[in-house]
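The values are calculated or read from the model by the stated rules, or taken from the named source; none is laboratory data. Quick caveat, the model's predicted, so the values are computed rather than measured. As a convention, Cβ positions derive from the backbone with ideal geometry for all residues, glycine included, and neighbour counts pool all protein chains shown. Please note that ligands, DNA and RNA were not included when accessible areas were found on the heavy atoms of the full protein model with its side chains. Shrake-Rupley method; radii C 1.70, N 1.55, O 1.52, S 1.80 Å.
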Amino acid sequence: MTIRHLRIFVSVAKHLSMTRAADELFIAQPAVSNTISEIEKNYNIKLFERINRRLFLTDEGKTLLIKAQNALAAFDDFEETATNSSQKPRVKIGSSLTIGKQKIPKLLEGLKQGFGDIDFQISINQTSIIESKILNGALDFAFIQGKPSDVNIKSRLVECNTLVAVCGKDYQMPQTVTLKELCKYDLLLREDESVSREFLDHIFARENIVVNPVMESISNQALISAAKRSLGVTILPESLLKRQLKKGELKIINVTDYEFTRNSYLIYHKDKTFGTAKKEIFDYCYKNYKENKKGNQP
């Protein structure tokens, strides 16, 4: 087994195509096919199933793909360090979208002041993509909202976030309601598959509540603006609403039977090994994220 075997396996798994993998790696298609056969024969396993002329990863293949991606990431990291030993070490940090907007700039500012000899590479994206990058070794660690979905990702709690239901000052509804009563009003919610929406949908499903929002948006500010105009009720992190609440543009609706609490985590691959410098930076990020209580929360 060589690095070449791993690169070919990962490429085929990525494209689910021998031909596309060959094109990506600039080698002949038979060489790709032969390499996959060598791996399967050597370890007496089956990596792919062929159904209706399409390739699908087997369960064994899915498990080994994560291992292969981690091995390649470690090898590439070794090569980069060895080749560029005279250059700055690189630390790759990821973040989900809301945290990236509200927390990462200040955290990065502190990192650059305290670790000037480190090259920081920041990736801000959807949580699912960030988790994928943690799994394939493209990131050293990352911040996300909600627990990670993969058992191969370890997490540390860094913040508990409270969401609140709010509406415009002229929107006609009681100041105190139950969750089911709340959902009878016009709801202004984040889009499907966003972390915030998944969090709320889980609560609604647990209570057998079906919701039909009058507005869905990828923008928190759009929802806040709609709520200020008394178009309905939105549920967002309280920290995002401080200015509007202080000015009286929005009012909090007390939900008697539920507290909307969502947590943020620092995540990393369970097999990740940190060198001295990366461990120091990891600890700095963990400590300073937790202590940054005055900053905006996700």
Check each of the trypsin sites (Lys or Arg not before Pro) in segment 220-297 and keep only those in coil by DSSP with at most 16 other C-beta atoms within 10 angstrom; list them in order.
-> R229, K247, K270, K293, K294
per DSSP, antiparallel bridges as share of beta bridges in segment 154-249, % nearest 5, sits at 50 percent
Whole-Hz Karplus ³J(HN,Hα) for segment 150-156, in order, using 6.51 cos²θ - 1.76 cosθ + 1.60 and θ = phi - 60°, x for Gly and Pro?
-> 10, 5, 7, 9, 8, 9, 10
Accessible-area order (highest first, 1.4 angstrom probe) of the listed residues V195, V210 | V210, V195
Quick one: if you stick a label point 7 Å off each Cα along the C-beta vector at K247 and T273, how many nm between them?
-> 5.4 nm
Counting only DSSP beta bridges with both partners in the chain, the antiparallel fraction in percent, to the nearest 5, comes to 65 percent
So for R0 = 25 Å, FRET eff. of H5-A28 from the Cβ-Cβ r, to 0.05, ends up at 0.95
Select from segment 212-298 those chymotrypsin sites (Phe, Trp or Tyr not before Pro) which occupy a DSSP coil region and have at most 15 other Cβ atoms within 10 Å, ordered by residue number.
-> Y258, F274
Segment 68-166: equivalent-ellipsoid semi-axes (sqrt of 5 x gyration tensor eigenvalues, Cα, Å) = 27, 19, 9
Which pairs, out of K46/K147; K41/K272; K14/K88; K251/K290; K101/K287, put more than 25 Å between their alpha-carbon atoms?
-> K46/K147; K41/K272; K14/K88; K251/K290
5 angstrom amide H check on R90, placed H, neighbours 5+ away = D119
What percentages, rounded to whole numbers, describe P(r) for the chain computed over all alpha carbon pairs with 10 Å bin width beginning at zero?
-> 6, 23, 24, 21, 16, 8, 2, 0
What is the calculated FRET efficiency for E238 to T178, with r their C-beta to C-beta distance and R₀ = 30 Å, to the nearest 0.05?
-> 0.90
Could you give the nm distance between label points at D170 and K88, where each point is 7 Å from its Cα heading toward the beta carbon?
-> 5.2 nm
Cβ-Cβ FRET estimate between V151 and Q126, R0 fixed at 22 Å, reported to 0.05 = 0.65
For the chain, what is the mean residue ellipticity at 222 nm derived from helices alone (per DSSP H run of n ≥ 4: -39500 (n - 2.57); sum divided by total residues; nearest 500 deg cm²/dmol)?
-> -13500 deg cm²/dmol
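Which percent of the accessible heavy-atom area of the chain goes to carbon and sulfur, probe 1.4 angstrom?
Carbon and sulfur: 49 percent of the exposed surface of the chain.
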Using a 1.4 angstrom probe, figure out how much accessible area the chain has per residue, in square angstrom, rounded to the nearest whole.
-> 55 Å²
Over segment 1-90, the quotient of the Cα radius of gyration and 2.2 N^0.38 Å is 1.21
How much of the DSSP beta bridge set in segment 1-134 is antiparallel, as a percent to the nearest 5?
-> 40 percent
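Sort T58, T256 from largest to smallest accessible area, using a 1.4 Å probe on the heavy atoms of the protein chains.
Values: T58 20, T256 95 Å².
The ranking, largest first, comes out as T256, T58.
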